[in-house]
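Presented below is the structure to which this report refers.
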Amino acid sequence: MIHCGKRHICAVVACIFLFASILICSRKGTYLQNNIIRKIFLQATTVSPAGQLCRGKPAHNVITPLKDNRTFIIAPYFDDRESKVTRVIGIVHHEDVKELYCWFCCQPHGEIQVTNAEIDVHSDRFGFPYGAADIVCLEPQNCDPTYVSIHWSPHGNIDQLPRFEIKNRKAETFSVDFTVCISAMFGNYNNVLQFIQSVEMYKILGVQKVVIYKNSCSQLMEKVLKFYMEEGTVEIIPWPINSHLKVSSKWHFSMDAKDIGYYGQITALNDCVYRNMQRSKFVVLNDADEIILPLKHPDWKTMMSSLQEQNPGTGVFLFENHIFPETISTHTFNISSWNTVPGINILQHVHREPDRKQVFNPKKMIIDPRKVVQTSVHSVLRAYGNSVSVPVDVALIYHCRMPLQGNLPRESLIRDTTLWRYNSSLIMNVNKVLYQTVL
């Protein structure tokens, strides 16, 4: 029982709990921060280390290990969609990391304030001991922090802690309509021709920016990436995750018992969502060998305008993946000058595998990043609003790779030449890039 000396105090407390109850009921089916009431009182745990002002070692790397060697910080982002929090994208050991604190550098006087963090390990770990995590701290009142350090204790020496700039503090107007996030490029990647074709298709469809989390690639691929960076299309995020953890190229722990799956792909995707939250109207989450092909619209802008009009309030649009086997080709568009370039010529692969009713077709997404809290590879984990599966007669993912139904004869495949609608522009644009980089 709560004892109140004054009636108005009781009324205020009652209103707080009533509001929280109404909020929880009214938002059923959309994302809510866990433990809303607990978060309100997290503010009470704020402490100010005596005499310490903003210092610390500026973090320069994309992946920064903490001294506990079980926590890796990618980047902190300001998130005020529900309350003023700093959301730190990181990687943690799902059992060993139990307690973390945010050391905020408060402005304008530069004092340090410390709050305890909520460690939210994403549900899609697929059995690996390390996984993507949101390290979330309520920002202290009257603080307006510009930097934050993460530590396993509320006590210590600020000089010994890495310091991270909090991104997304200032609202920006969208600089681009579409950003494609590709994670992660690894295995000395050398599929040069298909990569160039994919990027040029993205540009034809309306993409202005392609963000690549790069672990390793061939020297020739480096040359192509340098060209696209100088052009302003590609942004490279170095991703040396194998310097910190034992990484698997498989998606599930049962396939390869390492520390983290698929080169930390899920962490990179989440960082890409927040990195582009304020600068891109839409973010596209797919791989370099995947292209979302519209069937009823000429480009993504008109397609998304139509889809949003039909599905108001929706922030996640899912597109079905369809395999175009690289083992089945046609002689059409056999361009001799391309034959010396490593990689696949997608224009020669226009036969797709039929659906298998008993097998789930994975999907990839175009999202409104401001409506997404956490994402996995094939769906979002937490979001505001709804997710909509786009019908295959509106758009599908062209995915040219090794077959999943390798025993099917050619005549059992579906001939689909949708890609050829873009052949003239695609060939011209690819040639321009090749003659400036490879040929």
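What net charge do the residues around M277 carry, taking every other residue with its C-beta under 11 Å from that of M277, with Lys and Arg at +1 and Asp and Glu at -1? Write down the numbers at each step before the final one.
Numbers: positive: R81, R87, K167, R275, R279, K281, R370, K371; negative: D79, E172, D271, D368.
Taking every Cβ under 11 Å from that of M277, the sum is +4.
With θ taken as phi - 60° and the coefficients 6.51, -1.76 and 1.60, list the Karplus ³J(HN,Hα) couplings across segment 385-399 in order, rounded to whole Hz; mark glycine and proline as x.
Those phi angles translate into x, 9, 10, 10, 7, 7, x, 5, 7, 9, 6, 8, 8, 7, 10 Hz.
From the residues L295, L66, F78, which one has its Cα farthest along the dipole of the chain in the positive direction, the dipole being from +1 and -1 charges on Cβ of Lys/Arg and Asp/Glu about the Cα centre?
It is F78.
To the nearest whole percent, what portion of all C-alpha pairs in segment 142-255 is separated by more than 26 angstrom?
That fraction is 43 percent.
In deg cm²/dmol, rounded to 500, what helix-only [θ] at 222 nm does the chain give when every DSSP H run of at least 4 residues adds -39500 (n - 2.57) and the total is split over its residues?
Working: 7 runs with 91 residues, N = 439.
Helix-only estimate at 222 nm: -6500 deg cm²/dmol.
So, with a 1.4 angstrom probe, what is the percent of accessible area on the chain that is carbon and sulfur? All intermediate terms of the calculation are to be shown ahead of the outcome.
Numbers: 10730 of 20310 Å².
Here carbon and sulfur together make up 53 percent of the probe-accessible area.
Can you compute the radius of gyration and Dmax for the chain, using only the Cα atoms, both in Å?
Over the chain's Cα set, Rg and Dmax evaluate to 24.1, 88 Å.
So what are segment 283-439's ellipsoid semi-axes, whole angstrom, largest first, if each one is the square root of 5 times an eigenvalue of the alpha-carbon gyration tensor?
Rounded to whole Å, the semi-axes are 29, 20, 14.
Could you work out the local net charge near G313, counting Lys and Arg as +1, Asp and Glu as -1, over the other residues with Cβ closer than 12 Å to its Cβ? Kindly include the intermediate steps, with their values, before the conclusion.
On the way: positive: K371; negative: E309, D368.
Here the charged neighbours net out to -1.
Could you rank F174, F126, F227 by how accessible they are, 1.4 Å probe, largest area first? Mind showing how you got there, number by number?
Details: F174 100, F126 65, F227 35 Å².
The ranking, largest first, comes out as F174, F126, F227.
Project the alpha carbons of segment 81-193 onto their principal axes and report the range along each, largest first, in whole Å.
54, 40, 30 Å, listed from the longest principal axis down.
Ignoring GluC sites (Glu not before Pro) that are buried or in helix or strand per DSSP, and keeping those with at most 13 other beta carbon atoms within 10 Å, what is the longest stretch of the chain between them? Spell out each step's value before the answer.
Working: sites that count: E95, E99, E172.
Formally, the longest exposed-site-free interval is 173-439.
Once the dipole of segment 282-439 is set up with Lys and Arg at +1 and Asp and Glu at -1 on Cβ about the Cα centre, which of L396, P409, F317 lies farthest towards its positive end?
F317
Helix 192-205 against the longest principal axis of the chain: what's the angle in degrees, Cα atoms only, rounded to the nearest 10?
Once rounded, one gets 70 degrees.
If we count trypsin sites (Lys or Arg not before Pro) as exposed when they sit in a DSSP loop and have at most 10 other beta carbons within 10 Å, what is the longest stretch of the chain that avoids them all?
Values: sites that count: K6, K28, K98, K170, R356, K357.
By the stated rule (loop sites, at most 10 other Cβ atoms within 10 Å), 171-355.
Do me a favour and compute the ellipsoid semi-axes for segment 257-362 from its Cα gyration tensor, root of five times each eigenvalue, largest one first, whole Å.
Numbers: eigenvalues 160, 94, 60 Å².
Listed largest to smallest, the semi-axes of segment 257-362 are 28, 22, 17 Å.
Roughly how big is segment 266-407's charge dipole about its Cα centre, with Cβ charges of +1 (Lys, Arg) and -1 (Asp, Glu), in debye to the nearest 20?
On the way: 14 positive and 12 negative charges, 84 e Å.
Charge dipole, segment 266-407, about its Cα centre: 400 debye, nearest 20.
Around I335, with a cut-off of 15 angstrom between Cβ atoms, what is the net charge of the other residues, counting Lys and Arg +1 and Asp and Glu -1?
Values: positive: K432; negative: E200.
Counting the neighbours of I335, the net charge comes to 0.
Against the globular-protein guess of 2.2 N^0.38 Å, express the Cα radius of gyration of segment 377-434 as a ratio, rounded to two decimals.
Numbers: Rg = 16.9 Å, N = 58, 2.2 N^0.38 = 10.3 Å.
Compactness ratio reported: 1.64.
Can you list residues from other chains, or at least 5 along the same chain, whose modelled amide H is less than 5 Å from the amide H of T71?
L66
What are the ³J(HN,Hα) values, in whole Hz, obtained from phi via the Karplus relation 6.51 cos²θ - 1.76 cosθ + 1.60 with θ = phi - 60°, for each residue of segment 222-234 in sequence order, with x given for Gly and Pro?
Calculated HN-Hα couplings, in order: 4, 5, 5, 4, 4, 4, 5, 5, 5, 5, x, 7, 9 Hz.
The values are calculated or read from the model by the stated rules, or taken from the named source; none is laboratory data. Keep in mind that this is a model prediction, so the values were computed, not measured. Virtual Cβ from ideal backbone geometry, glycine too; neighbours counted across all protein chains shown. Heavy atoms of the whole protein, side chains included, go into the accessibility calculation; ligands, DNA and RNA do not. Shrake-Rupley method; radii C 1.70, N 1.55, O 1.52, S 1.80 Å.
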